[in-house]
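Each value in this text was obtained by applying a stated rule to the coordinates, not by laboratory testing. None of the values given here were measured: they were computed from a predicted structure.
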Amino acid sequence: MFRDLRPIGMIMNADDLVEYIIKKRQVVPLEVVAALTQISEQEIREHLKDHLLSYPENKWSQKFIHFLIYEQSYKRLHEGEDARKLLFWTDSPFWSVRFFQYAMNCPDSQKSYRLLYTKFLNLLHPPVVRIGYARNSTKVPVSITKDRYRICQIINSIRRWPNPIRFVWKKIRKFYKSADFSHRTISPPPDLISCMKEQIRNCDKIGQYLSQRELENIIDNPSPLRRSEALACLFTAISAIESLTQDKSTIEDYPEANLDPFL
């Protein structure tokens, strides 16, 4: 809330915003979602576009902020936070309504280059500002990261200028990445794989919402998901379908098993 959440680069229209969100915020790759749901990638894009257009903001950058706060934080991160804390409330004041409204009413110009963030830390406890900022992978204090942050923004803007050499290089890199795709593997726990296979066998309703053939292919070879987080989302989806449509959940048969795809 104290950062400038606007997207880096120019978002000129709804299609640009859709592509930016898919590229930067996706968890499960779009092609995998399309294969699982039997809905075309273009139809998914159009649905997301219509949803974004329903937001009340006029500027595309502000629609993106709406997406981050409402779709990602409220609908996804908060659910995960509740689960990790076993449904206990958060002791932090940062999601209190009054604090949130005040922070979000601060203009983006004050938040740029982490200026407001730095001032806030100074008010809380000045020595904290001198601690190295972890996301920079350096020991540079927060108080001077604004210069590096500004440089990064400039570089990112330049990288978006039309450049035929960069276009060709991207195509070459994409070719080699696709050729080397088999080496990018996810290694989920055996108990998780067994549980997911049982869920598909035990619950016919899963096949009504997701392609059973694609599910089986992904479970046997989860590499196309690219990240363990994507496998966790898929496991959550089929578990929810089973739980909501049947009296018993397969997960109950695995009380001591390791079902964590991140381990």
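The alpha carbons of the range 182-224 give a radius of gyration and a Dmax of 11.0, 34 Å, in that order. Pairs from the table (Lys59/Lys111; Lys24/Lys75; Lys23/Lys59; Lys205/Lys248; Lys24/Lys119; Lys75/Lys205) lying more than 22 angstrom apart at Cα are Lys24/Lys119; Lys75/Lys205. Computed from phi, the 3J(HN,Hα) profile of the range 253-260 under the Karplus parametrisation 6.51, -1.76, 1.60 (θ = phi - 60°) reads 7, 10, x, 10, 7, 8, 10, 8 Hz, with x in place of Gly and Pro. In order along the range 119-125, the Karplus-derived 3J(HN,Hα) couplings, from 6.51 cos²θ - 1.76 cosθ + 1.60 at θ = phi - 60°, round to 5, 5, 4, 4, 5, 5, 6 Hz, and Gly and Pro are given as x.
Ellipsoid fit via the Cα gyration tensor, the range 190-249: semi-axes of 18, 12, 11 Å, each the root of five times an eigenvalue, largest first.
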